[in-house]
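Taken together, the values in this text are just the output of simple stated rules run on the coordinates, not laboratory data. Quick caveat: nothing in here was measured; it's all calculated off a predicted structure. Methodologically, a virtual Cβ is constructed for each residue, glycine included, from the backbone with ideal geometry; neighbour enumeration extends over all protein chains shown.
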Amino acid sequence: MTGVKIAVIGAGSVAWSSTLIRDLCVTPGLRGSTVALMDINEERLKLVHAIATRYAKEVKADLKFEATTDRRRAIEDADFVINTAMAMGHSYYERMRELSERHGYYRGINSVEWNMVSDYHTIWGYYQFKLALDVARDVEDLSPEAWLLQIANPVFELTTLIGRKTRVKVIGLCHGHLGYREIAGALGLDPEKVEFEAVGFNHVIWLTEFKYEGEDAYPLIDEWIEKRAEEYWKVWRQHQANPFDIQMSPAAVDMYRTYGLFPVGDTVRGGTWKYHWNLETKQKWFGPTGGPDSEIGWKIYLDWQAKAIEMFKEAVADAKTPLTSLLPPRRSLESVVPIIDSIVNDRRGLYQVNVLNQGALVGIPDDVAVEIPAYIDGRGVHRIYGRRLPPRIMKHVMWPRMMRMEWALEAFLEGGRDLLFEWLIIDPRTKSNEQAEAAIDAILSMPENEEMRKHFS
């Protein structure tokens, strides 16, 4: 084949980019392709480019890797654009979280019902929304036939925004649905023999089908809860080291009992304030770390990111040890590269995607991004129509989460301080108008937020 051009925006995210590089290098159907790595952080970009060129050489992959700090140059004439960029970086959002907590908003004003994930930035994500829309408009201008794969969070809001405001072919992607494998593992099942379906919004998906060797496996979940859950949790509480180990937590089981379907992946990290009032509450539901979005769990995650960078720096500096010792040459479970392969080589595959609904999920407007299974081939995305969620989930989860998305998009598109105030005044942590106003003042007064301040003035 002649190969395609793939642009990676925000390629300096070392842990994620290294997985992407490996997957590209071990995919024969993409031989001859050019991968344009783009990031504004030159040091990180240089590191990722070194990893890519060396890894490709080690596994004899016929790929060309380029590095640039020029976003438009990377996107120009691309066939696929992968946006994994986080505007402003983690430290910026952690400063806003700290300011919020000083004013009584535990884990930040951005943490709200069904959106407790620490890097799923919505109401305070002005720069992230702006960057994602700018990337999409660059695609529209420079590579109008390209596919935009939106990886950076918040996938729900950003896929909806890009789908409404541009003509770009956008697919939002996340790996949270792989939580079904953790469910299978806890039940003692071989994940390779499981058939599953999960639908909803990104980070709010529910297990609508769960089969093992062709038979309904939901009764196995019920049996596990009745007979094995308590012993599992006892051991789990004694040994939990990974804050992301929450798929079979008490919170997940409680959500199942409350809403009627089992939550999958990052859905478990959400829920209402019932699970999130404070660290003690989080530890009750998510284990001793408090889950990935507590002050303990999130610090562990950020430390992991820093250690990953140092590990790859040392690996690149060590010419004697092959990178394949860190990244064995086999494809990961991420769907980004397989989707590209399916489109380029017309290989029909079933994938978990975020796309505008257009009738796929009953009860959700057509112009709202939903997370659903869909077939992908050389002609694009083929939705599976008629999927439904129980009325209780629709009323108590989906519609409230959808309205938070709409408020965040309205705030970004229209501006105005009143929209920030309306976001906070219904928050159960808000005890007075003055508290909400003070929190807004503190965040907008940050030096980095001058442009954001003008937008919301």
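Quick notes on this one:
- Extreme residue, positive dipole direction of the range 359-457, given options Leu409, His396, Gly386 (C-beta unit charges): Gly386
- Listed by chain and number, the aspartates and glutamates whose alpha-carbon sits under 19 Å from that of Lys46, ignoring those within fewer than 8 places in the same chain, are Glu58, Glu66, Asp70, Glu310, Glu314, Asp318.
- Phi-based couplings in Hz for the range 169-176 (Karplus 6.51, -1.76, 1.60; Gly and Pro marked x): 7, 10, 10, x, 10, 8, 9, x
- Rg ratio for the chain: its Cα radius of gyration over 2.2 N^0.38 Å, N being its residue count, equals 0.97.
- Between the alpha-carbon centres of the range 326-403 and the range 190-223 there is a gap of 16 Å.
- Neighbour-count order for Thr122, Thr84, fewest beta carbons within 10 angstrom listed first: Thr84, Thr122
- Considered as an equivalent ellipsoid built on the Cα gyration tensor, the range 393-455 has semi-axes of 24, 16, 8 Å, the largest given first.
- Sequence of Lys454, Lys313 once ranked by neighbouring C-beta atoms within 10 Å, starting from the fewest: Lys454, Lys313
- Arranged from fewest to most other beta-carbon atoms within 10 Å of their beta carbon, Lys274, Lys5, Lys234 become Lys234, Lys274, Lys5.
- When the pairs Lys299/Lys395; Lys234/Lys274; Lys274/Lys307 are compared against a 30 Å limit on Cα-Cα distance, Lys299/Lys395; Lys274/Lys307 fall above it.
- Global geometry of the range 278-386, whether rounded, prolate or oblate, following the gyration tensor of its Cα atoms and the 1.5 cut on a/c: oblate
- Potential lengthening of the chain between Val59 and Glu223 amounts to 54.5 nm, from the contour at 0.36 nm per residue minus the alpha-carbon distance.
- Spacing of the two label points (7 Å from each Cα toward its C-beta) at Ala15 and Tyr375, in nm: 3.7
- Relative contact order (%) - criterion: Cα under 8 Å, at least six apart; region: the chain: 17
- Three-way shape label, the range 118-186, alpha-carbon gyration tensor, a/c 1.5: oblate
- Signed unit charges on C-beta, dipole axis of the chain, positive-most listed residue Leu350, Ile9, Pro250: Leu350
- The range 393-455, relative contact order in percent, only Cα pairs under 8 angstrom and at least six apart counted: 21
- Helix-only CD estimate at 222 nm, as mean residue ellipticity for the chain, using -39500 (n - 2.57) per DSSP H run (n ≥ 4): -13500 deg cm²/dmol
- Annotation: aspartates and glutamates with alpha-carbon distance below 15 angstrom to Lys454 (same-chain offsets under eight excluded): Glu414, Asp418, Asp441.
- Gyration tensor verdict on the range 194-257 (Cα atoms; rounded if a/c is under 1.5, prolate if a/b is larger than b/c, oblate otherwise): oblate
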